[in-house]
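Trainee: Please read through the structure below; I'll follow up with questions.
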Amino acid sequence: MGFEQCEQQWRWRVIILMGMVTLTVNASNTRMNKVSRIAFGSCSNQSAPQPIWDAVIDFHPQIFIWLGDNIYGDIKRPFKLFGRERTIGPWKNAPRFIPSSEEEMEAKYRKAKSNPGYAQLKENAEVIGTWDDHDYGLNDAGKEFHRKIINQKLLLDFLDEPQDSPRRKQAGVYASYKYGPAGKDVQIILLDTRYHRDPVGSDGTILGNSQWSWLERELKDPATAVTIIGSSIQVISNLSATVHPLFSMESWAHFPKERDRLFKLIADSKRGGVFFISGDVHFGEITRYDCAVDYPLYDVTSSGITQSVEGVVPPFLHFLVRFVAWLTPSTMRVKGPDCRYKSCVYGQPNFGTVEIDWDSHPVTLKLKVRDKNGVAVTGINTSLVELHASNSEDSVKAGHSSRHCTLEVSLPWIIRYRLAILVFLTLAVLLVVFIGLVYTVITVFRKGVCKRKHE
């Protein structure tokens, strides 16, 4: 090796070391200082354009939280109804999604990490995160997935997790972070809803025994002023109960015993100032549940950075997606005049934000979902006073309790399944019209043939 090559290698090593030191110092400073601006997001395809990072950077977050699907690591195969390998339909005999190799996953993470917008964000904010199914390695996968140990290392490398971090030794990527001085402190708890999760429909566990024990310890520790619990899948929303059998959506609602256990753990901890953030569903919304603890529990869902429900249909059909969102019953969704659309669902690329005004009396929180330009499309303004048990009676007097205490599964069937009923009725009408047209064409054709024969 020549002197110039040796010098160049050492120069790169010094640059990398200085970068790691800078990241460590920034993270340490963030955790000591008062935190008032947090951004979060999910569902980011590393191969898709990502203009939204400009808006995230302009928000000037001190912390950015990944909530899963940070890359799309698995391989999606095309729809095939016929042929040797069929990925959909009643004769399906091959999986629609297959896992990538370790080398392919590493390449996808490198591509995501080298995005200029994301790289600029990392220079100014601490980045933390958890995973969901597509960066876990396989669509809708749980504890049965055989590559989870390797993929855990890859995720933690992507997040620049220190080599001596407990997250590299434990089974799962769950973690907890505390920021700010006493009285103005924030705890961010990130759950792992994949590593230990039983099959959907089993009503088994999501977190597993070890993670439940860890979470109980975290919540029983001295309370912080604000506690943010990050879950890759929605905690409060139960849209699967109203869109079935047309669509299937993962959420804590598929594991009602686990969700009740989570709510009870929060209630028993006597903590105030707790709310959820989540991703996964490819749209943004805010939901609320008033009957879990003695104050309203919010879940701010932001999804996704690149993936969105409106993005999979042509622009002239966006109105149809918005109509379906409006028609789908949701007893948990927060609706108000600040929503971009009447449904208060936003189906285009988005990110979430948390703003805390520690200097106001009482302390106020602004929880928003924002579009690719940084403009709020739905949001709520609340205070820490309202997120404490002593104000539970005020919530009831305000008239919120009855609406946000009725789960979607409790709705009358005619309301719960009205979307499916409308779709099936529409298909039935179209089928009748089609049969009528075919009959008319055949009748006219036969009359024409008979007329020619007669002549």
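The values are calculated or read from the model by the stated rules, or taken from the named source; none is laboratory data. What you are looking at is a predicted structure, and each value in this text was computed from that prediction instead of being measured. Reconstructed Cβ throughout: ideal geometry from the backbone, glycine too, with neighbour counts over all protein chains shown. When the accessible area is computed, the model is the full protein with side chains, heavy atoms only, and any ligands, DNA or RNA have been set aside. Shrake-Rupley method; radii C 1.70, N 1.55, O 1.52, S 1.80 Å.
Trainee: Sorted by mean Cβ packing within 10 Å, highest first, what order do the peptides 254-262, 345-353 take?
Mentor: Ranked by mean Cβ neighbours within 10 Å, highest first: 345-353, 254-262.
Trainee: Cα centroids of segment 293-347 and segment 220-237: how far apart, whole angstrom?
Mentor: 22
Trainee: If you take every DSSP beta bridge fully contained in the chain, what fraction is antiparallel? Give it as a percent rounded to 5.
Mentor: So the antiparallel bridges in the chain amount to around 60 percent.
Trainee: Under a plain spin-label model, where a point goes 7 Å from the Cα along Cα-to-Cβ, how far apart in nm are A182 and D157?
Mentor: About 4.2 nm, to one decimal.
Trainee: So, R0 is 25 Å and r is the distance between the beta-carbons of C291 and S360; what FRET efficiency does that work out to, to 0.05?
Mentor: E(calc), rounded to 0.05, equals 0.30.
Trainee: Hey, can you find the accessible area per residue of the chain for me, probe 1.4 Å, expressed in square angstrom?
Mentor: Roughly 50 Å² per residue, with all protein chains present.
Trainee: Additional query: Quick one: net charge of D268's neighbours, Cβ under 10 Å, K/R +1, D/E -1?
Mentor: Local charge sum for D268: +3.
Trainee: Quick one: if you stick a label point 7 Å off each Cα along the C-beta vector at F434 and K335, how many nm between them?
Mentor: For F434 paired with K335, the spin-label model returns 3.3 nm.
Trainee: To continue, here is another question. Rank by packing, highest mean first: peptides 287-293, 218-224, 84-90, with packing defined as the count of other Cβ atoms within 10 Å averaged across residues.
Mentor: Highest-to-lowest ranking by the protection proxy: 287-293, 218-224, 84-90.
Trainee: Now a separate question. So what's the Cα pair-distance distribution over the chain, bin width 20 Å, in %?
Mentor: 22, 54, 17, 5, 1, 0
Trainee: Which order do peptides 206-213, 151-158 fall in by mean Cβ count within 10 Å, highest first?
Mentor: Answer by packing, highest mean first, reads 151-158, 206-213.
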